[in-house]
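Q: Pasting a structure below so you can have a look.
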């Protein structure tokens, strides 16, 4: 028989306490208490009651069930009460106060309500601080440090029950003072075991409170972290080897992990230093988790799991998270059952983490819609349960933000109109709650969550509504929310950049919907700021993406030169980023982006040359771009598309050079090229999994069809010009009318006002040429008048001043023709005189307009025609003059005008006109009659039939593939992964062998092949029925389905053998 002495029992109890086996320590101290009661040692009994109460202070957190947790709380309150009564009898006030502090703290652990718990913790803190003051006055520094350490635990818990800013401010200030006192005592006494508690409270106040409710985006300098805090954290980490208290170590590791991850997220921008700090942070969290798991202190375990997952997700360690998230969720859900009916922040976190997990998978497009809806609904359930017992104010807006996102997912995944309306109401209710609960704070992520929620709600509505006005209204509201969010989103500097980029994209969307350029200019300013920030800090990949976005904005504004420059700068930024990348797959991806931007630099240069009607250079740029795109597997369809553009440029050039038949042939070839591009787009669209990319390819098909329509209209225009030159005016008019109709149809398809006006101008030009053809055929002044008005309409629509002047000049020529027609018809000399003056005025005006527009040949034609008409007028006057000498003088003036006109026509290249005038002069010398027709003299100048300005209008859909925001951060994170050499190691080797050749047997001439089919899903959803997601993120068979699948395979093989199958293929 073994006898255990009281001293052995005390020694064992203390050892269990030291090892943090608190439940066992409590059991042993209860036995010692029973012995002391028999001995009626009141002082010893009081001490033991207090000791057991103190053990419950943390021992409660080791309870394994809800029932055990409640029983330990009740016993802890009871045993402290006994200690209080005994110490009152002994008149030891300091011990009474210390026991009261412990008792209030354990009462708070009942979790009855937020207010109840806050009051209990406040009472507890008040009493423990009074104890500290007593020890300070007694100069008992050891006990003072001991109670201050206990106060840190009370205050850390209390802060998790605060809601309003005043309480946070009040208790944070108390905490700062408490930490300074404690740290001074640690330095003086050399008691490093106490470091953990003070560091934990300091990290909670600074990173857990100020970051959540105080800081703004401007608080992004490392100087914002107090130097003394940085110094203390480093001292604490260095002291770890000398500290034996496991829980103290866990607190230091947690604080140090949080510090390093926060530095990476917000303050440190050198990538090598970031990587080093991130590894330190994760390692520290893991060590804290390991110790806390061993100690079984459950609230701290939940806190560490939350912070570890929070920071690894925030900093992009997705593979790391995927490996552990499933097991972490299982663990916290198991622990959460203990606190499910209590108001505790750690209990709430079990719901929050689960909801976060569900939200993550609800957004994964590789899952079927049914599964994603289920995930979203489960997330909502988790949060609704958690919110019922949430005591910590800053997490209300964050929770409502998560709810808003989950409802947004349901809206986007649901087709039923009534159900969608229900979700919309719930989404806006959550967004409103987020705003209400977030606006009470000065800044930080809680305030940012309010605006993020509003953004998500309005953006979702903009996406799903079909009413254009509502779309614009919701989009503008989303923009306002995002602008406000930028000031408070302080969790990660890359999220700041991504948010600003997203705002730029929202402005672009608004510009598309509203057809206004104002938002595009706002987007431009935003991207210029982003470029400045990212390039200063050496974030080359985000800088490249910003250049790409800006290039797209400039393209949409029609600034093709600026767009080309931005693509060039994007290529340079990608080149810089390659210098830092060691991961081979990522290098390949960035190289592809680099080459893609080079191609788009050439495409934008081609657009500029096209706009300036330098078609041959444009063609060359397109061809060079296509050479690059053809070598990029992901973008070969673009090479097919823009090679069609190269052909279009050749067609435009042939038309410009008046080679009408060649132009017709080339336009037909261009139509075939765009048809091939449509086929290529359809083919790649089938393989696209990304909806945005699918939509882009679909829109490009529509634009290609518009280009085909444009080429068809141009063919009709070229035919009309051929017919007009052949003098077949009616047939020409018919083709002009057909071309006009086609241009009008194309015009309706363009949404951007600038391009729409250009097409409207071309439509009016075609109509004007149609009227001119009819006028020339029927010699009707009204037709010329109509043509003049149509040219004037075209002039008003052209944005290019040169084209405006050309169309206005043509309008004046038509008016000259109108008056010339009237001049011919009139027999009244006075009337003829009036018409003569009008013709001269219009021709002079036309000459001036052509000259201003740079159309010198046209200006010379108008001037020469004006002089020629003066000559004609003098010939007419000479015919009517009876007095011989006067007639001769007038005739000489007329001849002089004719010779001047001939000289100008000759210099300008109008050879035929020169010949006509010289023929007239010969006839005058021989005194033969001349037909005095104004229309014959004026006729149509070549410039009036010029297709200058008729070029295929730009279309904003024909822009580069937009960078994905999700990819920007992902690529930066991947750039820090394993080096290239690790990827080059062979994982497996493929080899080929001819087993038939090696066999000495005569081979069969026939082979019976069977295809294995396991069977059909009973539910119609084979993924959900048979598979589940594993911790790796991959799908695997559900455990209860493995035996079923094995039996199926055995059955199939046996059946194949009976059927004499030689080769069984499993698809």
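Q: So residue 381 ticks every box in (1) touching a residue at least 24 places away in the same chain (Cβ under 8 Å); (2) over 14 Å from residue 434 (Cα atoms) but one. Which box is left unticked?
A: (1)
Q: Let me ask something additional. Please tell me if residue 648 is modelled with pLDDT of 90 or more, surrounded by 20 or more Cβ atoms within 10 Å (Cβ to Cβ) and either more than 30 Å from residue 779 (Cα to Cα) or touching a helix residue (DSSP H, G or I) at 6+ places or on another chain (Cβ under 8 Å) (or both).
A: yes
Q: Can you give me the number of residues within the range 99-115 that are farther than 15 Å from residue 152 by Cβ, touching a helix residue (DSSP H, G or I) at 6+ places or on another chain (Cβ under 8 Å) and touching a residue at least 40 places away in the same chain (Cβ under 8 Å)?
A: 7
Q: Out of (1) modelled with pLDDT of 70 or more; (2) more than 22 Å from residue 360 (Cβ to Cβ); (3) surrounded by 13 or more Cβ atoms within 10 Å (Cβ to Cβ), what's the single condition that is false for residue 1008?
A: (3)
Q: If a residue has to be assigned to a loop (DSSP other than H, G, I, E, B) and surrounded by fewer than 23 Cβ atoms within 10 Å (Cβ to Cβ) to count, how many in the range 161-186 make the cut?
A: Counting residues in the range 161-186 that are assigned to a loop (DSSP other than H, G, I, E, B) and surrounded by fewer than 23 Cβ atoms within 10 Å (Cβ to Cβ) gives 2.
Q: Turning to a different aspect of this structure: Listed residues 367, 406, 413; which is touching a helix residue (DSSP H, G or I) at 6+ places or on another chain (Cβ under 8 Å), over 30 Å from residue 158 (Cα atoms) and at pLDDT below 90?
A: 367
Q: Could you tell me whether any residue of the range 192-206 is more than 18 Å from residue 251 (Cβ to Cβ), assigned to a helix (DSSP H, G or I) and touching a helix residue (DSSP H, G or I) at 6+ places or on another chain (Cβ under 8 Å)?
A: The answer is no, given that none of the residues of the range 192-206 is more than 18 Å from residue 251 (Cβ to Cβ), assigned to a helix (DSSP H, G or I) and touching a helix residue (DSSP H, G or I) at 6+ places or on another chain (Cβ under 8 Å).
Q: Take the range 1-25 and flag every residue that is surrounded by 15 or more Cβ atoms within 10 Å (Cβ to Cβ), on the phi < 0 side of the Ramachandran plot and not in a helix (DSSP H, G or I).
A: Hit for the range 1-25 is 21, nothing else.
Q: Which one is nearest to the chain's Cα centre (by Cα), of the residues in the range 504-518 that are more than 19 Å from residue 566 (Cα to Cα) and in a helix (DSSP H, G or I)?
A: 506
Q: Search the range 419-435 for residues that are within 14 Å of residue 409 (Cα to Cα) and pair each with any residue that is outside any helix (DSSP H, G or I) and modelled with pLDDT under 95 when their beta-carbon atoms are under 8 Å apart and the residues are at least 6 apart or on different chains.
A: Partner pairs satisfying both residue conditions: 420/414; 423/414.
Q: Kindly establish whether residue 213 is crowded, with 23+ Cβ neighbours inside 10 Å, more than 21 Å from residue 132 (Cα to Cα) and at pLDDT 90 or above.
A: no
Q: Residue 727 is checked against (1) part of a helix (DSSP H, G or I); (2) surrounded by fewer than 18 Cβ atoms within 10 Å (Cβ to Cβ) and fails just one. What number does that condition carry?
A: Here residue 727 meets the rest and fails (1).
Q: Moving to a separate point now. Just give me the residues in the range 25-67 being under 55 Å from the mean Cα position of the chain (by Cα) and under 19 Å from residue 295 (Cβ atoms), in sequence order.
A: Selection gives 54, 55, 56, 57, 58, 59, 60, 61, 62, 63, 64, 65.
Q: I need a count of the residues in the range 782-807 that are closer than 15 Å to residue 767 by Cα and in contact with a helix residue (DSSP H, G or I) (Cβ under 6 Å, 6 or more places away or on another chain).
A: Of the residues in that region, 14 qualify.
Q: Report, by residue number, each residue of the range 763-783 that is part of a helix (DSSP H, G or I) and in contact (Cβ under 8 Å) with a residue 60 or more places away in the chain.
A: Within the range 763-783, 765, 769, 772, 776 meet the criteria.
Q: Going by what's in this entry, would residue 245 be described as over 41 Å from the mean Cα position of the chain (by Cα), modelled with pLDDT under 90 and under 27 Å from residue 62 (Cα atoms)?
A: no
Q: Does residue 838 count as in contact with a helix residue (DSSP H, G or I) (Cβ under 8 Å, 6 or more places away or on another chain), in a helix (DSSP H, G or I) and without any contact (Cβ under 8 Å) to a residue 24 or more places away in the chain?
A: Yes, satisfied.
The values are calculated or read from the model by the stated rules, or taken from the named source; none is laboratory data. Because the structure is a prediction, the values reported are computed rather than measured. Cβ sites come from the backbone with ideal geometry, for glycine too, and all protein chains shown count toward neighbours.
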